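**Student:** Pasting a structure below so you can have a look.
The values are calculated or read from the model by the stated rules, or taken from the named source; none is laboratory data. Just so we're clear, the structure is a prediction, and the values are computed from it rather than from any experiment. Only protein heavy atoms, including side chains, enter the accessible area calculation; ligands, DNA and RNA are left aside. Shrake-Rupley method; radii C 1.70, N 1.55, O 1.52, S 1.80 Å.
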Amino acid sequence: MSTSGPLPDRLGARSLDPHLGRYAARAEGMTASEVRALFAVASRPEVVSLAGGMPNLAALPLDFLSDQIASIVADDGLVALQYGSAHGIPLLREQICEVMALEGVTGHPDDLVVTVGSQMALDLVTRIFIDPGDIVLAEGPSYVGALGTFASYQADVRHVVMDEHGLVPEALRAALAAAAQAGRRVKFLYTIPNFNNPAGVTLAVARRAEVLDICARHDVLVIEDNPYGLLGFDGQVYPALRSMDSDNVIYLGSFSKTFASGLRVGWALAPHAVREKLVLAAESAALCAPTLNQMVVSRYLATHDWKGQIKSFQTMYRDRRDALLAGLEQHMPAGCSWTRPDGGFFVWLTVPEGVDTKAMQPRAVTARVAYVPGTGFYADGFGSRQMRLSFCYPPPERITEGVRRLAGVLADELDLLRTFGPTASRSLSGPQTPAPDTA
Amino acid sequence: MSDRWVAVLAGGLSHERDVSLRSGRRVSAALRQSGVAVEEWDADASLLPKLREHRPDAVVIALHGGEGENGSIQTILELLGIPYVGTDAGTCRRAWDKPTAKAELRRAGVLTPDWVVLPQSAFRELGAQPVLDAMVERLGLPMMLKPDQGGSALGAQVVRSAAELPTAMVGSLAYSDAVLAEQFIDGVEVAVTVVDGPGGPEALPAVEIAPASGVYDYTARYTAGLTTFHTPARLDDATAAKVAELAVSAHRLLGLRDVSRTDAVVSATGEVYFIEVNLSPGLTETSLLPMAAEAAGRSLGSIYAGLVDRAIAR
Ligand SMILES: Nc1ncnc2c1ncn2[C@@H]1O[C@H](COP(=O)(O)OP(=O)(O)O)[C@@H](O)[C@H]1O
Ligand SMILES: Cc1ncc(COP(=O)(O)O)c(C=O)c1O
Ligand SMILES: [Mg+2]
């Protein structure tokens, strides 16, 4: 044996991570992945990225904002640059209540906590409700950033199917019954009722009361995550779940999609009893959301036609959605189906039987088009026949070009599958986490 | 060193962009530490105008995958008359293609796993199943399947049963139009860096690779901690010498220049198999070349600074 010589032995042995033995169990899935690596290419301008979920900020009034920010610092700098309360700036909390009123929510500013994006709100809610192994119900597919948070608190995520009208109440009942049968406790339902990320579908208004009723009967809290609610392309707004049940819903909101994602200002509106814990959790997580950023949002809401700005976002995203849907209609091969969102950022595409969207991704990158493989939006390895296409960022003509490229990739993949036969489709592999900028 | 400066090229549009960016950052920092002024440039449409306008004294190619290793960027640099570190364009074209390199070395008597290489079209036109059956008959199972070109283990798979083969084919062909199927060699994986010096090519100490999962795939390569490295490799002296000699022979026989890294597997019976040669070896924090340099008591910066001098002098 040439390899077991006792000589130099472990002298030069090394693991490149001396902390290996120390990590918590929740760090287990945090590894490099090919999927993430390919997103490095997707961010190049040569590639049409239908992968990223970044809002398009080009229409923001930058000159106006820079004057406002300067004046905040000049007039009120010692407040703006100082710690604030973990609860959030009172004036901003009042203004947020006015924003939520557009969707029928009547909340008290005291029951609202300002957070570092709604992502932090999601973290706080999970932190205060979930013990390792607790069941969380989420739509299938669901927001990858939420799945990451649930995973880091070691929740047991079960998906509930959607159809074109959103979460299917019957499936929700079945999931709750299955958990009860297994003697397991379901802590909450996490739902994105409007223009779901990634599915693009909206929970039908007619289903909303039913979903709330089912959850109330089973003593299951509802987490309503609603960053896209004001981005209906026809200016339509749907009544928030929170507007129909103020006792059993925690509502998460954000300025990321309606104003500026980089400011990282979001919020949670919770039933009175929960609010105290949220504030304390916020304090231990971040002390407070950035004061300056809260003041910028507050000033913007007070001095700018923010509703007009949202209208212009709606128009811009609608044009992009139209380009994507027209392109899909024109180019996609038989056997594909997709959702037709009337708001938000995303279309959910199902490809023909046998195609594995993760296995196909390198081919797409070679063809200079990127998407997010569907498995990232499930906690259970499902979604290999799906992909998320975002229309928020590239201009319409690039979207059209991207779909053309994608159709070519799919045609080649189908050719390959015809060659290697039906057994060539890949078995389900574990969940993959796309990079945060693809969320 | 005075006012001499080099451009480090990293990024590009290959599947290995991410790895390349990390290699670029690492080698740039190492060069600066050795007193060489460095600019880091991506390989995009602005590159040619930049090269023409600023004319670096030399270029270090930290691009991985197609454009960095198949001779393209080398050809451009030769056209512009800018010195660069690494193998010349024509040789890159041959050595980068794994089956071509294997064939050349086998002709010269080097041991390499038996293989077949086939384009996607062959399976389409001749019918996949009979071709797959013939492959299994020839190479046995388990079988190694990989794209005929490329790196970072992208698309590389160990196929353990005939039933897995169609799926694995689809996976490998996602990265390239042709697939290289090889006899799988069960053994210890080693990587040997070769650096040209005044006395000709010299092998640095071999690095032995022991991935916790048993497979040195993308995750095992770029997540610190998932692989244990033994430097020098735990080989007896005779085998260690054989491994070093293999790498130097591959470097010589293929006509490589400045630096290369040969990947090899030492079988249970002590035979050393050539797997592939890397023309633009990874230079990241978890890469093999920097470990070998350290084991040799040399710094990455001094090695590359020396290669820059060579490039400028030729
Ligand atoms: N014939 C083989 N037998 C056993 N393992 C192999 C064989 N070929 C490749 N491997 C394994 O697969 C990995 C990737 O293969 P390699 O040809 O080196 O591709 P890359 O260019 O991506 O590094 C190697 O690091 C090794 O672990
Ligand atoms: C459904 C959903 N929830 C939450 C977030 C996070 O938003 P924020 O920027 O407010 O943290 C996103 C962002 O993509 C999202 O799509
Ligand atoms: Mg290799």
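**Student:** Sorted by accessible area with a 1.4 angstrom probe, largest first, how do B:THR284, B:THR269, B:THR100 fall?
**Tutor:** Descending accessible area places them as B:THR269, B:THR100, B:THR284.
**Student:** Can I ask one more? Using protein chains only and a probe of 1.4 angstrom, how many square angstrom of B:MET144 are accessible, to the nearest 10?
**Tutor:** In the full protein context, B:MET144 sits at about 40 Å².
**Student:** Mind pulling the angle between the C-alpha long axis of helix B:98-107 and the longest principal axis of chain B? Nearest 10 degrees, somewhere in 0 to 90.
**Tutor:** 80 degrees
**Student:** Using every Cα-Cα pair within the range B:187-250, state what percent have a distance larger than 20 Å.
**Tutor:** The share of Cα pairs beyond 20 Å in the range B:187-250 comes to 34 percent.
**Student:** Taking chain A as a Gaussian network, where each spring joins two C-alpha atoms under 10 Å apart, which residue of A:LEU287, A:LEU172, A:LEU62 fluctuates the most?
**Tutor:** Of A:LEU287, A:LEU172, A:LEU62, the Gaussian network model singles out A:LEU62 as fluctuating most.
**Student:** When the chain is fully extended, how far beyond the present Cα-Cα distance does B:ARG106 get from B:THR269, taking 0.36 nm per residue of separation?
**Tutor:** Roughly 56.7 nm would be gained on extension.
**Student:** Just to confirm, what accessible area per residue do you get for the range A:23-90 at 1.4 Å probe, in whole Å²?
**Tutor:** Normalised by residue count, the accessible surface of the range A:23-90 is 54 Å².
**Student:** Heads up, I need the accessible area for A:MET244: 1.4 angstrom probe, whole protein in place, Å², nearest 10.
**Tutor:** 80 Å²
**Student:** Run through every distinct alpha carbon pair of the range B:29-139 and return the Kirkwood hydrodynamic radius in angstroms, one decimal place.
**Tutor:** 17.3 Å
**Student:** Considering only C-alpha atoms, what is the centroid distance from the range B:16-40 to the range A:247-294, in Å?
**Tutor:** Centre-to-centre distance over Cα atoms comes out at 41 Å.
**Student:** I would also like to ask the following. Kindly provide the Kirkwood hydrodynamic radius of chain B in Å, to one decimal, from all pairs of distinct alpha carbon atoms. Mind dumping the intermediate values first?
**Tutor:** On the way: mean 1/r = 0.0501 Å⁻¹.
It is 19.9 Å.
**Student:** Roughly speaking, to the nearest percent, how much of chain B's 1.4 Å accessible area is carbon and sulfur?
**Tutor:** Roughly 51 percent, rounded to a whole number.
**Student:** Under 22 Å between alpha carbons: how many lysine pairs meet that in the protein assembly as shown, if sequence neighbours fewer than 8 apart on the same chain are excluded?
**Tutor:** On the way: A:LYS187/A:LYS277; A:LYS257/A:LYS307; A:LYS257/A:LYS311; A:LYS358/B:LYS146; B:LYS98/B:LYS146; B:LYS98/B:LYS242; B:LYS102/B:LYS146; B:LYS102/B:LYS242.
Taking the protein assembly as shown as the scope, the lysine pair count is 8.
**Student:** Excluding ligands, DNA and RNA, what is the accessible area buried between chains A and B, summed over both sides, using a 1.4 Å probe, to the nearest 100 Å²? The partial results should precede the final answer.
**Tutor:** Values: alone 19700 and 13550 Å², together 29310 Å².
Looking at A and B, the buried total is near 3900 Å².
**Student:** Need one word for the range A:174-312: rounded, prolate or oblate. Basis is the Cα gyration tensor (sqrt eigenvalues a ≥ b ≥ c); a/c below 1.5 gives rounded, then a/b vs b/c decides.
**Tutor:** Oblate, because a/c is 1.5 or more while a/b does not exceed b/c.
**Student:** Accessible area, 1.4 Å probe, largest first: how do A:ARG185, B:ARG26 sort? Walk me through the numbers on the way to the answer.
**Tutor:** Numbers: A:ARG185 135, B:ARG26 75 Å².
Listed by decreasing accessible area, they come as A:ARG185, B:ARG26.
**Student:** List the residues, sorted by chain then number, that are 5 or more residues from A:ASP134 or on another chain and whose placed amide H is less than 5 Å from its amide H.
**Tutor:** HN-HN under 5 Å from A:ASP134: A:ASP156.
**Student:** Taking the full set of protein chains and a 1.4 angstrom probe, give the accessible area of A:GLU329 in square angstrom, rounded to the nearest 10.
**Tutor:** About 120 Å², rounded to the nearest 10.
**Student:** Further, regarding this structure: Do the sum for chain A: with -39,500 (n - 2.57) for every DSSP H run of n ≥ 4, divided by all residues, what is the mean residue ellipticity at 222 nm, to the nearest 500 deg cm²/dmol?
**Tutor:** So the calculated ellipticity at 222 nm is -13500 deg cm²/dmol.
**Student:** Follow-up question, since we're still on this one. Per residue in the range B:123-158, which ones lose no less than 30 Å² of accessible surface when going from chain alone to all protein chains (1.4 Å probe)?
**Tutor:** Flagged in the range B:123-158: B:ARG124, B:ALA128.
**Student:** Right, another one. By its C-alpha gyration tensor, with a ≥ b ≥ c as the square roots of the eigenvalues, how is chain A shaped: rounded for a/c under 1.5, else prolate for a/b larger than b/c, else oblate?
**Tutor:** Working: a/c = 1.38, a/b = 1.25, b/c = 1.10.
Rounded shape, in that the Cα axes give a/c under 1.5.
**Student:** Given an 8 Å cut-off on Cα distances and at least 6 residues of separation, report the relative contact order of the range A:146-277 as a percent.
**Tutor:** 18 percent
**Student:** In the range A:95-175, what percent of the accessible surface is made up of carbon and sulfur (1.4 Å probe, ligands and nucleic acids excluded)?
**Tutor:** The value for the range A:95-175 is 54 percent carbon and sulfur by accessible area.
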